[in-house]
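The numbers here are math on the coordinates, done by the rules we state, and not lab data. Every value quoted in this text rests on a predicted model; they were computed, and no experiment measured them. Every residue, glycine among them, receives a Cβ derived from its backbone with ideal geometry; neighbour counts consider all protein chains shown.
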Amino acid sequence: MDMLNDTALAEFRAEVRDFLDANLTPQLREGAARATSVFVDPSVTLPWQAILHARGWAAPDWPAQYGGPGWDDMQRYVFAAECARAGAPGLAPMGLKMVAPVIMHYGTAEQKAHYLPRILAGQDYWCQGFSEPGAGSDLASLQLKATPDGADYVLNGSKIWTTHAHFANRMFCLVRTTSEGKPQAGISFLLLDMNTPGITVKPIRTLGGDHEFNQVFFDDVRVPQANRLGAENEGWSVAKHLLTFERGGKYAPPLIERLEKLRRREGLDAVLSARLTREAVSLRALQALEMKAMRGAGGSPALYASVLKVLGTEAMQRIDVLACEIEGPEGWARPDGQTSADLAVAVPRYLNDRAASIYAGSNEIQRDLIARLVLG
Ligand SMILES: Cc1cc2nc3c(=O)[nH]c(=O)nc-3n(C[C@H](O)[C@H](O)[C@H](O)COP(=O)(O)OP(=O)(O)OC[C@H]3O[C@@H](n4cnc5c(N)ncnc54)[C@H](O)[C@@H]3O)c2cc1C
């Protein structure tokens with residue numbers, strides 16, 4: 001049974017389609033189609049978030065008490081599938097998908113009341129300060145030091161690979177509050193203002209030539225202790241909770257749309273067609289698994305998050321290869337000497353997505369986590 005095409009969802013699907021037809025402007029569709037990264041530029045995503053917010057649909061996964069639309073699992077999946085089908089830009093995950101759920105879980109009443117409405121409305125743009133030059137896979141070895149001083153912490157050190165830090169006005173950040181005991185036991189989780197004196201953001205160019213991430217330096221940066229999420233030295237639990245939201249999710253809907261666009265190309269040879277068909281089947285399997293994960297059936301959220309991260313990002317990279325192979329010959333051979341618009345997206349996208357098996361914890365580390373969770 002195709003759960004997504006269940007007739008009980010037909011009315012909901014029609015409502016979503018009507019909304020998308022009426023509100024997704026050509027500029028927004030064009031901005032999404034030209035994006036060469038899963039992290040779409042905020043000049044595209046924030047206007048779309050404002051439109052969704054006005055309808056109450058900016059955060060489909062949030063509980064209704066915080067401003068979510070109150071949809072069930074299948075409605076949320078249908079919404080994601082319809083957005084992908086219509087070519088809507090994916091919203092920035094750092095606020096809506098990553099820090100918001102941990103604020104809901106660990107935040108004080110004041111923190112929830114302050115941050116959640118601002119995240120929903122797109123008033124705050126967040127970045128993630130976890131990795132450091134000496135701490136990636138081994139995240140617990142992080143060294144950015146937070147020294148208590150009166151009502152503040154004083155931060156010194158740096159974060160690296162910080163996606164969209166050059167756009168963000170907020171960062172959620174892991175800091176070292178003690179070096180005593182196990183490394184995990186000396187970490188705290190802070191919410192900070194990127195405009196605080198002493199913060200410097202320096203760009204790093206990616207392999208694809210984009211300016212997507214940065215190194216962020218902290219020199220005597222004062223952050224109120226009241227901005228800590230959770231107890232002092234218990235930030236590791238907050239971070240683990242957050243990573244489940246970062247890694248899990250709905251990879252299949254946009255990948256299915258990209259693949260179907262390739263399958264509609266005329267003149268594909270039999271070998272390429274067979275590879276596309278095989279990919280279409282494996283994406284349907286991924287979709288089924290994602291729906292199962294949403295219902296929480298048969299596994300822990302952390303296990304699903306790691307499994308989906310590996311399967312989703314590896315499918316993404318295989319589709320990038322197929323896109324370059326299919327767009328390539330025609331795209332290069334244009335009589336005007338220019339590359340085609342599709343190839344101009346496919347190649348940078350291929351380069352950018354090489355990072356997908358690294359960010360949010362590399363796929364080698366995810367396989368290690370899966371082995372531990374499944375095999376003990
Ligand atoms: C595009 C992009 C965006 C990112 N955005 C952010 C961001 O916004 N905020 C943030 O905090 N971080 C971000 N990161 C950082 C990301 O989380 C780290 O790159 C990742 O965790 C890997 O850490 P590392 O780069 O230090 O590599 P390392 O940890 O040095 O690993 C190098 C290689 O060794 C392998 N390896 C390491 N340990 C093991 C092991 N025990 N077993 C098997 N293999 C192992 C890894 O899989 C990898 O292939 C981003 C990274 C990229 C590429």
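Residues whose amide H lies under 5 Å from that of Gly107, counting only those 5 or more places away or on a different chain, are absent; hydrogens are built 1.01 Å from N in the peptide plane.
Full extension of the segment from Arg29 to Ile358, taken as 0.36 nm per residue of separation minus the current Cα-Cα distance, would add 115.6 nm. Antiparallel DSSP bridges in the chain: what percent, to the nearest 5? Here the antiparallel bridges make up roughly 85 percent for the chain. Largest GNM mean-square fluctuation among Glu15, Glu246, Glu290, using the chain with Cα springs under 10 Å: Glu15. Taking amide H as placed 1.01 Å from N in the peptide plane, Cys127 has its amide H under 5 Å from the amide H of Arg170, Met171, Phe172, each at least 5 places away in sequence or on another chain. Note on the chain: helix-only mean residue ellipticity at 222 nm, from DSSP H runs of 4+ residues weighted -39500 (n - 2.57) and normalised by residue number, equals -15500 deg cm²/dmol.
Taking the Cα centre of the chain as the origin, how large is its charge dipole in debye, to the nearest 20, when only Lys and Arg (+1) and Asp and Glu (-1) carry charge on their Cβ atoms?
Working: 39 positive and 43 negative charges, 76 e Å.
Here the size comes out at about 360 debye.
For Asp152, the amide hydrogen comes within under 5 Å of the amide hydrogens of Gln225, counting only partners 5 or more places away or on other chains and with H modelled in the peptide plane.
Of the residues Leu91, Leu268, Leu351, the one that moves most in a GNM of the chain with alpha-carbon contacts below 10 Å is Leu268.
Between Gln225 and Thr196, what length in nm is gained on full extension when 0.36 nm per residue of separation is reduced by their alpha carbon distance?
Details: separation 29, 0.36 × 29 = 10.44 nm, distance 1.42 nm.
Extra length available between Gln225 and Thr196 comes to 9.0 nm.
Report relative contact order for segment 3-91 in percent, whole number only (criteria: Cα-Cα under 8 Å, sequence separation at least 6).
Answer for segment 3-91 is 41 percent.
Modelled this way, with points 7 Å down the Cα-to-C-beta line, the labels at Arg367 and Ser137 are 1.0 nm from one another. Fewest-first ordering of His105, His241 by other beta carbons within 10 Å of each residue's beta carbon gives His105, His241. Against the chain, whose longest principal axis is taken from its Cα atoms, helix 363-375 shows a tilt of about 80°. As a proxy for reagent exposure, ranking Thr177, Thr147 by other Cβ atoms within 10 Å from fewest up yields Thr147, Thr177. Beta bridges per DSSP, both residues in segment 91-194: antiparallel share near 70 percent. For the pair segment 93-119 / segment 2-65, the C-alpha centres are spaced 21 Å from each other. Listed values for segment 109-125 are Karplus-derived 3J(HN,Hα) couplings in whole Hz (6.51 cos²θ - 1.76 cosθ + 1.60, θ = phi - 60°), namely 4, 5, 4, 4, 5, 7, 7, 4, x, 5, 5, 4, 7, x, 6, 10, 10, and x replaces Gly and Pro.
Within the listed set Ala315, Ala50, Ala64, the residue fluctuating most in the Gaussian network model of the chain (springs between alpha-carbon atoms under 10 angstrom) is Ala64.
Taking the beta-carbon count within 10 Å as an exposure proxy, list Glu180, Glu132, Glu364 from fewest neighbours to most. Write down the numbers at each step before the final one.
Details: Glu180 8, Glu132 21, Glu364 11.
With the fewest neighbours first, Glu180, Glu132, Glu364 line up as Glu180, Glu364, Glu132.
What the phi angles of segment 193-209 give under the Karplus curve with 6.51, -1.76 and 1.60, with θ = phi - 60°, is a coupling list of 8, 5, 8, 5, x, x, 9, 10, 10, 10, x, 10, 7, 8, 3, x, x Hz, glycine and proline written as x. Remark: segment 289-302, residue by residue, has Karplus-estimated 3J(HN,Hα) of 5, 5, 5, 5, 4, 4, 7, x, 8, x, x, 7, x, 5 Hz, where x stands for each Gly or Pro and the curve is 6.51 cos²θ - 1.76 cosθ + 1.60 at θ = phi - 60°.
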